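The values are calculated or read from the model by the stated rules, or taken from the named source; none is laboratory data. Note that the structure is a prediction, hence the values are computed from the model and not measured. Using ideal geometry, Cβ is built from the backbone for each residue, glycine included, and neighbour counts are taken over all protein chains shown.
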Amino acid sequence: MTDSPSLRIRAFATGGTIDKVYFDATSSYEIGDPQIGPLLKEANVTFEFEVVSLLRKDSLELTDDDRRMIRDSVESAPETRILITHGTDTMTDTAAVLKGIEGKTIVFTGSMLPAKFRQNDALFNVGCAVGAVQTLPPGVYIAMNGCIFPAGTVRKNRDKRRFETITGDQDSV
C-alpha cells in the first residue's frame, strides 16, 4: 500500500451492490463489509489508500441526510483524491450533491454484480476509477463500464446494464 508516498487516495464506501453478500440462512443479499480495500490489495496497488465505511445501504435507501453526510465527509477529508463506492441506482443523485466541492477530484464507482461473485464488473470499474482519480482535474465524475463521465451528464440504462450519457451518445472523458 505504500511505495508511492506522494499519492494517497481516500475511499469512502457507502454500500450498494459492490458490497453485497449472500446470506444462505435467509436466501437474501445484504450489504457486507466494504470490498474496495480487498480489491485494491488484490490488485497490488503501490499507492497509499484509506477506506472509510460511511454507510451500508442500498442506494435506493439513501436519504438527503445521508447525501449531506457523504458531502461533509468528502469536504473534511485531507486527501484531494477521493474514490466513492456507491450503489448504481442513485449514484448520479449523490454525485450531483457533491458538485461544487473545490480542489478535489471525486470519482464514483460501483458494480452491477457483487464483488464477491466470481464473474463481476467490480475490479474493472474500481481500476477505471483509480486511473481517473489520479489523472482528472478537480471535479465530480462517474467511472462505470470502461468510461468516465462528468457528473450531471450520465444516467443508468437498466435494460442495457450500463451507464451512458444523457444524450444517448457514448461521449465520456
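Scanning for something assigned to a helix (DSSP H, G or I) and not basic (Lys, Arg), does the stretch 97-113 turn up at least one residue?
Here is the first cut: in the stretch 97-113, the ones assigned to a helix (DSSP H, G or I) are 97-98.
Among the residues that remain, those that are also not basic (Lys, Arg) are: 97-98.
Checking the stretch 97-113: at least one residue is assigned to a helix (DSSP H, G or I) and not basic (Lys, Arg).
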Quiz item: Can you pull out the residues in the stretch 27-46 that are surrounded by 16 or more Cβ atoms within 10 Å (Cβ to Cβ) and either in a strand (DSSP E or B) or in contact with a helix residue (DSSP H, G or I) (Cβ under 8 Å, 6 or more places away or on another chain) (or both)?
Solution: Ile31, Gly32, Pro34, Gln35, Ile36, Leu39, Leu40, Val45
Quiz item: Arg118 is checked against (1) among the charged types (D, E, K, R); (2) surrounded by 15 or more Cβ atoms within 10 Å (Cβ to Cβ); (3) free of Cβ contacts under 8 Å to residues at least 12 places away in the same chain; (4) part of a loop (DSSP other than H, G, I, E, B) and fails just one. What number does that condition carry?
Solution: (2)
Quiz item: Which residues, taken from the stretch 47-70, are in contact with a Leu (Cβ under 9 Å, 6 or more places away or on another chain), of a type outside the set (Val, Ile, Thr), crowded, with 17+ Cβ neighbours inside 10 Å and assigned to a helix (DSSP H, G or I)?
Solution: Asp66, Arg67
Quiz item: Does the stretch 94-103 include one or more residues that are touching a residue at least 40 places away in the same chain (Cβ under 8 Å), in contact with a strand residue (DSSP E or B) (Cβ under 7 Å, 6 or more places away or on another chain) and surrounded by 23 or more Cβ atoms within 10 Å (Cβ to Cβ)?
Solution: yes
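Of all the residues that make up the stretch 123-141, how many are more than 22 Å from Lys41 (Cα to Cα), under 15 Å from the mean Cα position of the chain (by Cα) and either modelled with pLDDT under 95 or not hydroxyl-bearing (Ser, Thr, Tyr) (or both)?
Going through the stretch 123-141 one residue at a time, the tally reaches 2.
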Exercise. Kindly establish whether Ile82 is aliphatic (A, V, I, L, M), more than 18 Å from Ile31 (Cβ to Cβ), crowded, with 16+ Cβ neighbours inside 10 Å and touching a Lys or Arg at 6+ places or on another chain (Cβ under 7 Å).
Key: yes
Quiz prompt | Number of the exception - Ala129 against (1) out of contact with any strand residue (DSSP E or B) (no Cβ under 9 Å at 6 or more places or on another chain); (2) in contact (Cβ under 8 Å) with a residue 12 or more places away in the chain | solution = (1)
